[in-house]
Amino acid sequence: MAKKMIHDFHRMKREGEKTTWLTAYDYPTAQFAEAAGIDMLLVGDSLGMCVYGYKDTLPVTMDQCIVHCEAVRRGAPNTFVIGDMPFMSYQSSVEKAVENTGRFLKEAAVDAIKLEGGRRILPVVRAILDAGVVVVGHIGLTPQSSGQLGGHRAQGRTVESARSLIDDALALEGAGIQMLLLEAVPPEVGQFITEKLAIPVLSIGAGMHCDGQLLIVSDLIGQFQAFTPKFVRKYCNVAEAVTNAMKEYAADVRAGKFPTDEHCYHMLEGEYEKFQEMVSQYEEPT
Ligand code: KIV
């Protein structure tokens, strides 16, 4: 299947075709996602929690993001890959933000970058767009500022908060971003913003009316254990399957049932007799 690019996602919005989006952090998962026909992959800074076991995404570094983007790129060469700007890779200065964006493109060949925030990051967004980079916005529950939001809480549940999200969405589109992600907002707010904006509006916990959906792959496959957000549907239970497989392996090893002859490398033809003669020359243990 031909790789979809940003104009394809815009066309899909116009034609009412939903976009499918998952996170991926490694080579095999990227291969599975490409084989499954997933439209876009996000190498999210959620890798801090899903891969490294941090309690939140704040410790994640640019170097970590680049390494994981490279692996995902190799695993899914024909899928639109989005690199996620980690905390403090774009907040401290416009120059640093543009430089770090450049790293994603030059070192990991991503197709776009995503960053969290609305009107207050407009100067950074404009500078990255001026550098010719495809930008995906992210508003609503923005985990990097969850301290200010009072924790990982849904946003836009009051009229004032919904208005603020709508104004952020319009400002980001006005600045020129090519796609917007809404996280953990009521479906009514998701629908209004989706209908108001010409660019694709994707949802992770923003309801069924958006132009497409994102899920964290570790949630979808039942791998992430710490907590399960309300917006998740688990499609399999990898944690249980893998733990059971490991238990079976340990039991087989302890019972002498693994390995068996079929798992062994045998000597080449005619070598066994010579081997026996050779070892017979070793002294008997005393
Ligand atoms: O890092 C990530 O996976 C994200 C999602 C939570 C939207 O930003």
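Inspect all residues belonging to the stretch 73-82 and state whether any of them is open to solvent by 60 Å² or more (accessible area, probe 1.4 Å), in a helix (DSSP H, G or I) and in contact (Cβ under 8 Å) with a residue 24 or more places away in the chain. Scanning the stretch 73-82 turns up at least one residue that is open to solvent by 60 Å² or more (accessible area, probe 1.4 Å), in a helix (DSSP H, G or I) and in contact (Cβ under 8 Å) with a residue 24 or more places away in the chain.
If you take the residues in the stretch 135-166 that are among the β-branched types (Val, Ile, Thr) and away from the ligand (no atom under 16 Å from the Cβ), which one is nearest to residue 119 (Cα to Cα)? Result: 166. Does residue 125 meet the test of being under 21 Å from residue 68 (Cβ atoms), in the same structural domain as residue 22 (by TED's automatic domain parsing) and either modelled with pLDDT of 95 or more or surrounded by fewer than 18 Cβ atoms within 10 Å (Cβ to Cβ) (or both)? Judged against the criteria, residue 125 is not a match. Mind telling me which of the residues 159, 201 ends up being surrounded by 19 or more Cβ atoms within 10 Å (Cβ to Cβ) and either of a type outside the set (S, T, N, Q) or not assigned by TED's automatic domain parsing to the domain that holds residue 42 (or both)? Answer to the check: 201.
So, residue 183, is that one within 28 Å of residue 227 (Cβ to Cβ) and charged (D, E, K, R) or not? It is true that residue 183 is within 28 Å of residue 227 (Cβ to Cβ) and charged (D, E, K, R). Among residues of the stretch 178-193 that are free of Cβ contacts under 8 Å to residues at least 24 places away in the same chain, those with a Cβ under 7 angstrom from a residue that is open to solvent by 20 Å² or more (accessible area, probe 1.4 Å) and not small (Gly, Ala, Ser), sequence gap 6+ or separate chain, pair up as 187/208; 187/209; 190/209; 191/209.
Just to be sure I understand, how many residues within the stretch 83-98 are out of contact with any strand residue (DSSP E or B) (no Cβ under 7 Å at 6 or more places or on another chain) and either more than 22 Å from residue 126 (Cα to Cα) or part of a loop (DSSP other than H, G, I, E, B) (or both)? It would help to see each step written out before you state the result.
Step one: of the stretch 83-98, the residues out of contact with any strand residue (DSSP E or B) (no Cβ under 7 Å at 6 or more places or on another chain) are 86-89, 91-98.
Next, only the ones that are either more than 22 Å from residue 126 (Cα to Cα) or part of a loop (DSSP other than H, G, I, E, B) (or both) stay: 86-89, 91-93.
Summing the residues that are out of contact with any strand residue (DSSP E or B) (no Cβ under 7 Å at 6 or more places or on another chain) and either more than 22 Å from residue 126 (Cα to Cα) or part of a loop (DSSP other than H, G, I, E, B) (or both) in the stretch 83-98 gives 7.
When residue 97 is tested against (1) open to solvent by less than 30 Å² (accessible area, probe 1.4 Å); (2) away from the ligand (no atom under 15 Å from the Cβ); (3) under 20 Å from residue 73 (Cβ atoms), only condition (3) is not met. Taking the stretch 45-72 as the range and being within 16 Å of residue 88 (Cβ to Cβ), part of a helix (DSSP H, G or I) and either at pLDDT below 95 or more than 11 Å from the ligand (Cβ to nearest atom) (or both) as the test, the residues that pass are 62, 63, 64, 66.
The listed residues are 217, 242, and the only one of them that is touching a residue at least 40 places away in the same chain (Cβ under 8 Å) and closer than 28 Å to residue 37 by Cβ turns out to be 217. Of everything listed in (1) closer than 25 Å to residue 222 by Cβ; (2) touching a strand residue (DSSP E or B) at 6+ places or on another chain (Cβ under 9 Å), the single unmet condition for residue 66 is (1).
Residue-level analysis places residue 69 among those that are assigned by TED's automatic domain parsing to the domain that holds residue 211 and over 21 Å from residue 205 (Cβ atoms). When residue 232 is tested against the conditions (1) open to solvent by 70 Å² or more (accessible area, probe 1.4 Å); (2) in contact with an Asp or Glu (Cβ under 7 Å, 6 or more places away or on another chain); (3) within 16 Å of the ligand (Cβ to nearest atom); (4) among the hydrophobic types (A, V, I, L, M, F, W, C), the lone failure is (1). For beta carbons closer than 9 Å, sequence separation of 6+ or different chains, a first residue in the stretch 31-47 that is among the polar types (S, T, N, Q) and a second that is in a strand (DSSP E or B) and at pLDDT 95 or above, the qualifying pairs are 46/23; 46/84.
Out of the residues in the stretch 20-39 that are outside any helix (DSSP H, G or I) and surrounded by fewer than 19 Cβ atoms within 10 Å (Cβ to Cβ), which is farthest from the ligand (Cβ to nearest atom)?
Checked the stretch 20-39; the qualifying residue farthest from the ligand (Cβ to nearest atom) is 37.
Can we say residue 169 is among the aliphatic types (A, V, I, L, M), buried (at least 22 other Cβ atoms within 10 Å of the Cβ), more than 22 Å from residue 68 (Cβ to Cβ) and within 16 Å of the ligand (Cβ to nearest atom)? Taking the combined requirement at face value, the residue satisfies it.
The values are calculated or read from the model by the stated rules, or taken from the named source; none is laboratory data. In this text the structure is predicted, and so the values were computed from the model without any measurement. Glycine gets a Cβ as well: all are built from the backbone with ideal geometry, and neighbour counts include every protein chain shown. Note: accessible area is taken over every heavy atom of the protein model, side chains too, but ligands, DNA and RNA are not part of it. Shrake-Rupley method; radii C 1.70, N 1.55, O 1.52, S 1.80 Å.
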